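What follows is a single structure, written as C-alpha coordinates, with notes after it.
The values are calculated or read from the model by the stated rules, or taken from the named source; none is laboratory data. Fair warning: this is a prediction, and the values are worked out from it, not measured in the lab. As a convention, Cβ positions derive from the backbone with ideal geometry for all residues, glycine included, and neighbour counts pool all protein chains shown.
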Amino acid sequence: MLSRSTTLKSLLVLVFSGFLVTLLARAHEMNHETHEYIPAQPGDSRSPCPALNTLANHGYLPRDGRSISPSQMSKALKEAYHLSSPLSTLLTYGGFFLLRAPPPPTSVPTPLTLTSALSFSTHLLKTLPSMGAVLRDLDLSDLALHNHIEHDASLVHDNTPLGKKFASTHINSTLLETFLGASATGTHISLNDIALARVYRESQTTTPPIDAFHAEVARGEVALVLGIFGAPSSDGAFGTASSEGVKIDWIKEWFGSERLPIGWAPTHLQTLRQTVASSSGLRAAMGDIAQAIAGAGSKEAKVEKPVLVVQDN
Ligand SMILES: *[C@@H]1O[C@H](CO)[C@@H](O)[C@H](O)[C@H]1NC(C)=O
(Lines give C-alpha, C1' and ligand atoms only; values in the text may rest on other atoms or scores of the structure.)
Protein backbone atom coordinates (compact mmCIF):
# COMPACT_ATOMS: atom_id res chain seq x y z
CA MET A 1 0.00 0.00 0.00
CA LEU A 2 1.34 3.46 -0.99
CA SER A 3 2.15 5.95 1.69
CA ARG A 4 0.35 9.23 1.59
CA SER A 5 3.49 11.20 0.66
CA THR A 6 4.30 8.90 -2.31
CA THR A 7 0.80 9.41 -3.65
CA LEU A 8 1.14 13.15 -3.31
CA LYS A 9 4.52 13.12 -5.07
CA SER A 10 3.17 11.08 -8.00
CA LEU A 11 0.24 13.39 -8.25
CA LEU A 12 2.51 16.44 -8.32
CA VAL A 13 4.75 14.89 -10.97
CA LEU A 14 1.70 14.07 -13.03
CA VAL A 15 0.25 17.56 -12.76
CA PHE A 16 3.59 19.17 -13.54
CA SER A 17 4.13 16.96 -16.60
CA GLY A 18 0.67 17.84 -17.81
CA PHE A 19 1.47 21.50 -17.35
CA LEU A 20 4.72 21.18 -19.35
CA VAL A 21 3.05 19.35 -22.20
CA THR A 22 0.32 21.99 -22.40
CA LEU A 23 2.90 24.76 -22.34
CA LEU A 24 4.95 23.21 -25.16
CA ALA A 25 1.86 22.55 -27.24
CA ARG A 26 0.73 26.15 -26.75
CA ALA A 27 4.15 27.52 -27.66
CA HIS A 28 4.20 25.42 -30.80
CA GLU A 29 0.70 26.53 -31.69
CA MET A 30 1.56 30.20 -31.15
CA ASN A 31 4.66 29.94 -33.29
CA HIS A 32 2.66 28.30 -35.98
CA GLU A 33 -0.18 30.74 -35.67
CA THR A 34 2.03 33.80 -36.01
CA HIS A 35 2.73 33.21 -39.69
CA GLU A 36 -0.24 31.13 -40.65
CA TYR A 37 -1.87 32.08 -43.97
CA ILE A 38 -5.13 33.94 -43.46
CA PRO A 39 -6.40 35.76 -46.58
CA ALA A 40 -7.54 39.38 -46.23
CA GLN A 41 -10.85 39.83 -44.43
CA PRO A 42 -13.41 42.44 -45.46
CA GLY A 43 -12.13 45.86 -44.39
CA ASP A 44 -8.46 44.88 -44.42
CA SER A 45 -6.16 47.20 -46.35
CA ARG A 46 -4.26 45.72 -49.27
CA SER A 47 -1.91 47.08 -51.96
CA PRO A 48 -1.28 46.36 -55.65
CA CYS A 49 1.96 44.66 -54.53
CA PRO A 50 1.63 40.88 -54.09
CA ALA A 51 4.85 40.76 -52.05
CA LEU A 52 3.50 43.07 -49.34
CA ASN A 53 -0.02 41.63 -49.36
CA THR A 54 1.52 38.21 -48.79
CA LEU A 55 3.41 39.56 -45.78
CA ALA A 56 0.13 40.79 -44.29
CA ASN A 57 -1.65 37.50 -45.08
CA HIS A 58 1.06 35.66 -43.11
CA GLY A 59 1.22 38.13 -40.24
CA TYR A 60 4.73 39.43 -40.97
CA LEU A 61 2.98 42.78 -41.36
CA PRO A 62 -0.17 43.69 -39.42
CA ARG A 63 -2.89 41.45 -40.82
CA ASP A 64 -5.25 44.38 -41.35
CA GLY A 65 -2.57 46.05 -43.49
CA ARG A 66 -2.81 49.32 -41.55
CA SER A 67 -0.43 51.72 -39.78
CA ILE A 68 2.81 50.22 -41.01
CA SER A 69 6.04 51.98 -40.11
CA PRO A 70 9.19 51.89 -42.27
CA SER A 71 11.08 49.80 -39.71
CA GLN A 72 8.21 47.30 -39.50
CA MET A 73 8.22 46.92 -43.26
CA SER A 74 11.96 46.55 -43.54
CA LYS A 75 12.00 43.91 -40.79
CA ALA A 76 9.16 41.96 -42.40
CA LEU A 77 10.95 41.91 -45.79
CA LYS A 78 14.06 40.51 -44.15
CA GLU A 79 12.20 37.94 -42.07
CA ALA A 80 9.92 36.52 -44.73
CA TYR A 81 11.95 36.85 -47.93
CA HIS A 82 15.50 36.94 -46.49
CA LEU A 83 16.38 40.23 -48.15
CA SER A 84 19.72 41.67 -47.08
CA SER A 85 19.63 44.76 -44.85
CA PRO A 86 20.84 47.15 -47.58
CA LEU A 87 18.20 45.81 -49.99
CA SER A 88 15.28 45.90 -47.56
CA THR A 89 16.32 49.36 -46.34
CA LEU A 90 16.55 50.71 -49.87
CA LEU A 91 13.20 49.23 -50.91
CA THR A 92 11.44 50.42 -47.77
CA TYR A 93 12.77 53.94 -47.47
CA GLY A 94 12.87 54.38 -51.25
CA GLY A 95 9.26 53.23 -51.32
CA PHE A 96 8.09 55.60 -48.59
CA PHE A 97 9.92 58.42 -50.34
CA LEU A 98 8.42 57.70 -53.75
CA LEU A 99 4.97 57.44 -52.25
CA ARG A 100 5.06 60.76 -50.41
CA ALA A 101 7.28 62.79 -52.72
CA PRO A 102 5.84 64.40 -55.85
CA PRO A 103 5.32 61.81 -58.59
CA PRO A 104 8.62 60.88 -60.23
CA PRO A 105 9.25 62.70 -63.50
CA THR A 106 7.67 60.88 -66.40
CA SER A 107 10.78 61.97 -68.21
CA VAL A 108 13.94 63.76 -67.26
CA PRO A 109 14.25 67.10 -69.04
CA THR A 110 15.42 66.85 -72.62
CA PRO A 111 17.80 68.08 -73.76
CA LEU A 112 19.59 67.43 -70.49
CA THR A 113 21.78 70.50 -70.10
CA LEU A 114 23.31 71.86 -66.93
CA THR A 115 20.65 74.58 -66.79
CA SER A 116 17.70 72.27 -67.37
CA ALA A 117 19.04 69.76 -64.82
CA LEU A 118 19.52 72.53 -62.25
CA SER A 119 16.08 74.02 -62.65
CA PHE A 120 14.58 70.54 -62.59
CA SER A 121 16.38 69.67 -59.32
CA THR A 122 15.40 72.97 -57.73
CA HIS A 123 11.78 72.35 -58.68
CA LEU A 124 11.97 68.86 -57.20
CA LEU A 125 13.55 70.02 -53.93
CA LYS A 126 10.98 72.79 -53.49
CA THR A 127 8.13 70.34 -53.75
CA LEU A 128 9.63 67.74 -51.42
CA PRO A 129 7.58 67.07 -48.31
CA SER A 130 9.27 67.08 -44.91
CA MET A 131 11.00 63.96 -43.63
CA GLY A 132 8.39 63.34 -40.95
CA ALA A 133 5.64 63.40 -43.53
CA VAL A 134 7.57 61.04 -45.78
CA LEU A 135 8.13 58.46 -43.06
CA ARG A 136 4.73 58.46 -41.36
CA ASP A 137 2.99 55.07 -41.13
CA LEU A 138 1.13 53.86 -44.18
CA ASP A 139 -1.81 51.61 -44.95
CA LEU A 140 -1.17 49.10 -47.72
CA SER A 141 -3.91 50.65 -49.85
CA ASP A 142 -1.94 53.95 -49.89
CA LEU A 143 0.51 52.20 -52.21
CA ALA A 144 -2.12 52.09 -54.96
CA LEU A 145 -1.47 55.81 -55.58
CA HIS A 146 -0.96 55.72 -59.33
CA ASN A 147 2.42 56.49 -60.90
CA HIS A 148 4.26 56.92 -57.63
CA ILE A 149 5.50 53.38 -57.06
CA GLU A 150 2.52 51.72 -58.71
CA HIS A 151 2.72 51.78 -62.49
CA ASP A 152 0.95 50.70 -65.66
CA ALA A 153 2.07 47.71 -67.75
CA SER A 154 2.04 45.46 -64.69
CA LEU A 155 2.17 41.78 -65.61
CA VAL A 156 -0.93 40.96 -63.56
CA HIS A 157 -2.85 44.20 -62.95
CA ASP A 158 -5.04 46.23 -65.27
CA ASN A 159 -3.69 49.64 -66.23
CA THR A 160 -5.17 52.51 -64.27
CA PRO A 161 -7.80 54.31 -66.34
CA LEU A 162 -6.74 57.84 -67.32
CA GLY A 163 -7.61 60.36 -64.64
CA LYS A 164 -7.99 57.84 -61.81
CA LYS A 165 -5.83 58.50 -58.76
CA PHE A 166 -5.61 54.95 -57.42
CA ALA A 167 -4.86 51.67 -59.16
CA SER A 168 -6.77 48.46 -58.66
CA THR A 169 -5.38 46.15 -55.97
CA HIS A 170 -6.90 43.07 -57.62
CA ILE A 171 -5.09 40.64 -59.86
CA ASN A 172 -6.52 40.20 -63.36
CA SER A 173 -6.51 36.42 -63.86
CA THR A 174 -6.50 36.76 -67.66
CA LEU A 175 -3.27 38.75 -67.44
CA LEU A 176 -1.80 36.21 -65.02
CA GLU A 177 -2.61 33.39 -67.48
CA THR A 178 -1.06 35.34 -70.35
CA PHE A 179 2.04 35.92 -68.24
CA LEU A 180 2.32 32.21 -67.43
CA GLY A 181 1.84 31.49 -71.14
CA ALA A 182 5.25 33.06 -71.70
CA SER A 183 6.88 30.02 -70.09
CA ALA A 184 9.01 28.16 -72.63
CA THR A 185 9.14 24.99 -70.51
CA GLY A 186 5.58 25.00 -69.23
CA THR A 187 6.89 24.30 -65.72
CA HIS A 188 9.04 27.32 -64.90
CA ILE A 189 9.16 31.02 -65.63
CA SER A 190 12.71 32.03 -66.51
CA LEU A 191 14.33 35.42 -66.90
CA ASN A 192 13.84 35.22 -70.68
CA ASP A 193 10.16 34.30 -70.26
CA ILE A 194 9.66 37.31 -68.02
CA ALA A 195 11.47 39.53 -70.54
CA LEU A 196 9.08 38.33 -73.25
CA ALA A 197 6.04 38.91 -71.06
CA ARG A 198 7.23 42.42 -70.18
CA VAL A 199 7.92 43.36 -73.82
CA TYR A 200 4.43 42.16 -74.70
CA ARG A 201 2.75 43.96 -71.82
CA GLU A 202 4.61 47.19 -72.50
CA SER A 203 3.65 46.98 -76.18
CA GLN A 204 0.02 46.78 -75.02
CA THR A 205 0.34 49.84 -72.82
CA THR A 206 0.34 52.82 -75.12
CA THR A 207 -1.96 55.50 -73.69
CA PRO A 208 0.35 56.65 -72.24
CA PRO A 209 3.30 54.27 -72.62
CA ILE A 210 5.22 53.33 -69.47
CA ASP A 211 7.97 55.86 -68.71
CA ALA A 212 11.62 54.92 -68.30
CA PHE A 213 11.55 55.30 -64.53
CA HIS A 214 8.60 52.99 -63.98
CA ALA A 215 9.91 50.52 -66.56
CA GLU A 216 12.96 50.27 -64.29
CA VAL A 217 10.75 49.80 -61.22
CA ALA A 218 8.84 47.06 -63.05
CA ARG A 219 12.06 45.22 -63.92
CA GLY A 220 13.24 45.53 -60.32
CA GLU A 221 10.05 43.90 -59.07
CA VAL A 222 10.36 40.83 -61.26
CA ALA A 223 14.11 40.66 -60.61
CA LEU A 224 13.18 40.25 -56.93
CA VAL A 225 10.67 37.51 -57.73
CA LEU A 226 13.30 35.64 -59.76
CA GLY A 227 15.89 36.00 -57.04
CA ILE A 228 13.67 35.09 -54.10
CA PHE A 229 11.66 32.22 -55.58
CA GLY A 230 13.89 31.10 -58.47
CA ALA A 231 16.15 28.09 -58.53
CA PRO A 232 19.88 28.84 -58.52
CA SER A 233 21.77 28.35 -61.78
CA SER A 234 24.56 25.76 -61.96
CA ASP A 235 27.12 28.25 -60.66
CA GLY A 236 24.96 28.88 -57.59
CA ALA A 237 23.85 32.38 -58.64
CA PHE A 238 20.24 33.51 -58.19
CA GLY A 239 18.09 35.39 -60.70
CA THR A 240 20.34 34.91 -63.73
CA ALA A 241 19.39 34.06 -67.30
CA SER A 242 20.89 30.57 -66.96
CA SER A 243 18.58 29.57 -64.10
CA GLU A 244 15.46 27.57 -64.98
CA GLY A 245 13.56 30.23 -63.01
CA VAL A 246 10.51 30.02 -60.75
CA LYS A 247 8.06 27.12 -60.64
CA ILE A 248 4.81 28.13 -62.33
CA ASP A 249 2.84 26.59 -59.46
CA TRP A 250 4.61 28.90 -57.04
CA ILE A 251 3.91 31.95 -59.20
CA LYS A 252 0.23 30.98 -59.35
CA GLU A 253 0.01 30.54 -55.61
CA TRP A 254 1.93 33.68 -54.77
CA PHE A 255 0.26 36.03 -57.29
CA GLY A 256 -3.10 34.29 -57.23
CA SER A 257 -3.59 33.78 -53.48
CA GLU A 258 -0.93 36.15 -52.15
CA ARG A 259 0.42 33.28 -50.14
CA LEU A 260 3.98 32.04 -49.58
CA PRO A 261 4.14 28.99 -51.87
CA ILE A 262 3.81 25.70 -50.03
CA GLY A 263 7.16 23.93 -50.24
CA TRP A 264 9.06 27.20 -50.59
CA ALA A 265 11.42 28.47 -47.91
CA PRO A 266 14.13 31.12 -48.26
CA THR A 267 17.29 29.45 -49.54
CA HIS A 268 19.69 32.38 -49.48
CA LEU A 269 20.16 36.01 -48.61
CA GLN A 270 18.78 38.07 -51.51
CA THR A 271 21.18 40.98 -51.94
CA LEU A 272 21.01 44.36 -53.64
CA ARG A 273 23.83 43.37 -55.97
CA GLN A 274 22.02 40.18 -57.12
CA THR A 275 18.82 42.13 -57.69
CA VAL A 276 20.53 44.83 -59.73
CA ALA A 277 22.29 42.16 -61.81
CA SER A 278 18.98 40.38 -62.53
CA SER A 279 17.33 43.62 -63.46
CA SER A 280 20.14 44.44 -65.91
CA GLY A 281 19.91 40.92 -67.34
CA LEU A 282 16.22 41.48 -67.86
CA ARG A 283 16.77 44.79 -69.58
CA ALA A 284 19.28 43.16 -71.95
CA ALA A 285 16.93 40.25 -72.70
CA MET A 286 14.06 42.68 -73.37
CA GLY A 287 16.29 44.63 -75.75
CA ASP A 288 17.13 41.43 -77.65
CA ILE A 289 13.48 40.45 -77.94
CA ALA A 290 12.41 43.91 -79.10
CA GLN A 291 15.17 43.87 -81.69
CA ALA A 292 14.19 40.39 -82.92
CA ILE A 293 10.59 41.55 -83.31
CA ALA A 294 11.69 44.68 -85.17
CA GLY A 295 13.95 42.50 -87.34
CA ALA A 296 11.06 40.18 -88.21
CA GLY A 297 9.45 43.31 -89.62
CA SER A 298 6.01 42.20 -88.57
CA LYS A 299 3.99 44.52 -86.41
CA GLU A 300 1.48 41.74 -85.80
CA ALA A 301 4.10 39.54 -84.11
CA LYS A 302 4.47 42.20 -81.47
CA VAL A 303 0.82 42.28 -80.46
CA GLU A 304 0.33 38.52 -80.25
CA LYS A 305 0.29 36.86 -76.86
CA PRO A 306 3.74 35.80 -75.60
CA VAL A 307 3.10 32.14 -76.28
CA LEU A 308 2.76 32.86 -80.00
CA VAL A 309 5.93 34.89 -80.09
CA VAL A 310 7.75 31.97 -78.44
CA GLN A 311 6.59 29.68 -81.23
CA ASP A 312 7.87 32.15 -83.81
CA ASN A 313 11.39 32.00 -82.38
C1 LIG B 1 -8.36 41.59 -67.65
O2 LIG B 1 -7.44 41.84 -68.68
C3 LIG B 1 -7.92 41.58 -69.98
C4 LIG B 1 -6.73 41.71 -70.93
O5 LIG B 1 -6.13 42.96 -70.81
C6 LIG B 1 -9.06 42.51 -70.28
O7 LIG B 1 -9.56 42.25 -71.56
C8 LIG B 1 -10.15 42.34 -69.23
O9 LIG B 1 -11.15 43.30 -69.40
C10 LIG B 1 -9.59 42.46 -67.83
N11 LIG B 1 -10.59 42.05 -66.88
C12 LIG B 1 -11.00 42.82 -65.89
C13 LIG B 1 -12.02 42.23 -64.98
O14 LIG B 1 -10.56 43.93 -65.71
_Pro62 vs. criteria assigned to a loop (DSSP other than H, G, I, E, B), over 16 Å from the mean Cα position of the chain (by Cα), at pLDDT below 95 and not polar (S, T, N, Q)_ = no
*Residues of segment 203-215 satisfying the condition of being within 16 Å of Met286 (Cβ to Cβ) and either within 13 Å of the ligand (Cβ to nearest atom) or part of a loop (DSSP other than H, G, I, E, B) (or both)*: Ser203, Gln204, Thr205, Ile210, Asp211
*asked:* Regarding segment 26-33, can at least one residue be identified that is modelled with pLDDT under 75, touching a Phe, Trp or Tyr at 6+ places or on another chain (Cβ under 7 Å) and not acidic (Asp, Glu)?
replied: no
*Give Ser141, Ser119 a once-over and let me know the one that is more than 16 Å from the ligand (Cβ to nearest atom) and modelled with pLDDT under 90.*
Ser119
*Within segment 186-198, work out how many residues are away from the ligand (no atom under 14 Å from the Cβ) and either among the small types (Gly, Ala, Ser) or crowded, with 23+ Cβ neighbours inside 10 Å (or both).*
9
*Could you look through segment 144-180, keep only residues that are within 12 Å of the ligand (Cβ to nearest atom) and assigned to a helix (DSSP H, G or I), and pick out the one that is farthest from Tyr200 (Cα to Cα)?*
Ser173
*asked:* I need the full set of residues from segment 241-275 which are more than 16 Å from Asn192 (Cα to Cα) and assigned to a helix (DSSP H, G or I), in order please.
replied: Asp249, Trp250, Lys252, Glu253, Trp254, Phe255, Gly256, Ser257, Leu272, Arg273, Gln274
*asked:* Can you pull out every residue in segment 122-138 that is modelled with pLDDT under 90 and part of a loop (DSSP other than H, G, I, E, B)?
replied: Thr127, Leu128, Pro129, Ser130
*asked:* Suppose we filter Gly295, Gly227 for residues that are at pLDDT 95 or above and farther than 25 Å from Thr160 by Cα; which single one remains?
replied: Gly227
*asked:* Anything in segment 85-103 that is in a helix (DSSP H, G or I) and out of contact with any helix residue (DSSP H, G or I) (no Cβ under 8 Å at 6 or more places or on another chain)? List them, or say none.
replied: Gly94, Leu98
*Pairs where the first residue, in segment 144-162, is of a type in the set (S, T, N, Q) and the second is not in a loop (DSSP other than H, G, I, E, B), C-beta under 6 Å, 6+ apart*: Thr160/His146
*What number of residues within segment 192-223 satisfy the criterion of being of a type in the set (Val, Ile, Thr) and within 18 Å of Cys49 (Cα to Cα)?*
4
*Return only the number of the condition from (1) in contact with a Ser or Thr (Cβ under 8 Å, 6 or more places away or on another chain); (2) under 25 Å from Ile149 (Cα atoms); (3) without any contact (Cβ under 8 Å) to a residue 12 or more places away in the chain that Glu177 does not satisfy.*
(1)
*Of (1) out of contact with any Lys or Arg (no Cβ under 7 Å at 6 or more places or on another chain); (2) part of a helix (DSSP H, G or I); (3) more than 15 Å from the ligand (Cβ to nearest atom); (4) in contact (Cβ under 8 Å) with a residue 60 or more places away in the chain, Ser183 satisfies all except one. Which?*
(2)
*Name every residue in segment 249-288 that is within 16 Å of the chain's Cα centre (by Cα), β-branched (Val, Ile, Thr) and within 21 Å of His58 (Cα to Cα), in order of residue number.*
Ile251
